[in-house]
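Novice: Dumping the structure here so I can ask a few things about it.
Each value in this text was obtained by applying a stated rule to the coordinates, not by laboratory testing. The structure presented is a predicted model; accordingly, all values stated were derived computationally and were not measured. Every residue, glycine among them, receives a Cβ derived from its backbone with ideal geometry; neighbour counts consider all protein chains shown.
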Amino acid sequence: MGDDLASGFRDVDRAADFATFADCLTLVDSIPFFAACKRDSYGLLGAGPGRRILDVGCGLGDDASALARLAAPGGSAVGVDSSRAMIEAARARHGEVEGLTFEVADAAALPFDDASFDACRIDRVLQHVADPGPVVREMARVLRPGGVLVAYDNDWETLTVDAPDRATTRTVLNAWCDRFPSGWIGRRMVPLFLDAGLADVEAEPRTLVLRDLEPADRLYRFFATVDMLVESGTLGREDAERWSESLRAADRAGRFFCSYTGFLVRGTRPGEAPAGAAGEVAR
């Protein structure tokens, strides 16, 4: 599958084509569903003037840039990513934004003091981490008392597509889910937040329905996954071609349907926030 979007984000700097991953992030940002999730995450953070905010796994830096603007005047945002190529791209795109800095960092060993941020955010990153517990604990560690952690991530077992062959559909969707280091992270975030000592943990499901095959395949790589399964001997060529054609036929008839559910989770570090640290909620 080339630079696989399910497993390859773990080590973007070793990928043959950085543009594959940058284009994926740009595609996701262009979809209104994800744009709304991002805006809502900013609000749950309480992103406003004077706040110091950390964006973990910042990618191309667009969200960190938006947070820095919301934190002005008097606040700041820091974007971190394990990929040096992503950080270099983020600096090139947003280097002139006041109050914004970017650093290469391991999310499981953040280079910041305890209690140094008012809020922390992570968006669709934990799915790429085989052991997400240390990452959540690190984000909780750098929060000040009363600080807020917000995460959005996918539960790939919830991915659906309407196709007549149930057995092949299950094989394809399970293969996609299992290529992620943490394909079930959506359902695991609330326990991980609690294990990290966070309080007032709340989760909200967000479901995306797509009725067109082209954007769905760009996001979920149905046909690339089928090809991989044929190459591995898991699926026969005829069954794979029949299944793929059923999706194309449904799309031509205006009957294509697929959906998936992600979760927006918020938790608070116990303790009283310093006076004046609450900030204004961004909506």
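Novice: Once both labels are modelled 7 Å past Cα along the beta-carbon direction, what's the T26-R39 spacing in nm?
Specialist: For T26 paired with R39, the spin-label model returns 2.3 nm.
Novice: Here is a follow-up. If you line up the long axis of helix 185-195 against the longest principal axis of the chain, both from Cα atoms, how many degrees apart are they, to the nearest 10?
Specialist: For 185-195 against the chain, the angle is about 30 degrees.
Novice: Also, I was wondering about something else. Could you check the simple spin-label distance between A130 and D113, using points 7 Å along Cα→Cβ, in nm with one decimal?
Specialist: 3.5 nm
Novice: On full extension of the chain, what length is gained from R252 through A224, given 0.36 nm per residue of separation minus the C-alpha to C-alpha distance?
Specialist: Residue separation times 0.36 nm, minus the Cα-Cα distance, leaves 8.1 nm.
Novice: Go through T169, V150, L110 and say which Cα lies farthest out towards the positive end of the charge dipole of segment 84-194; charges sit on Cβ, +1 for Lys and Arg, -1 for Asp and Glu.
Specialist: T169
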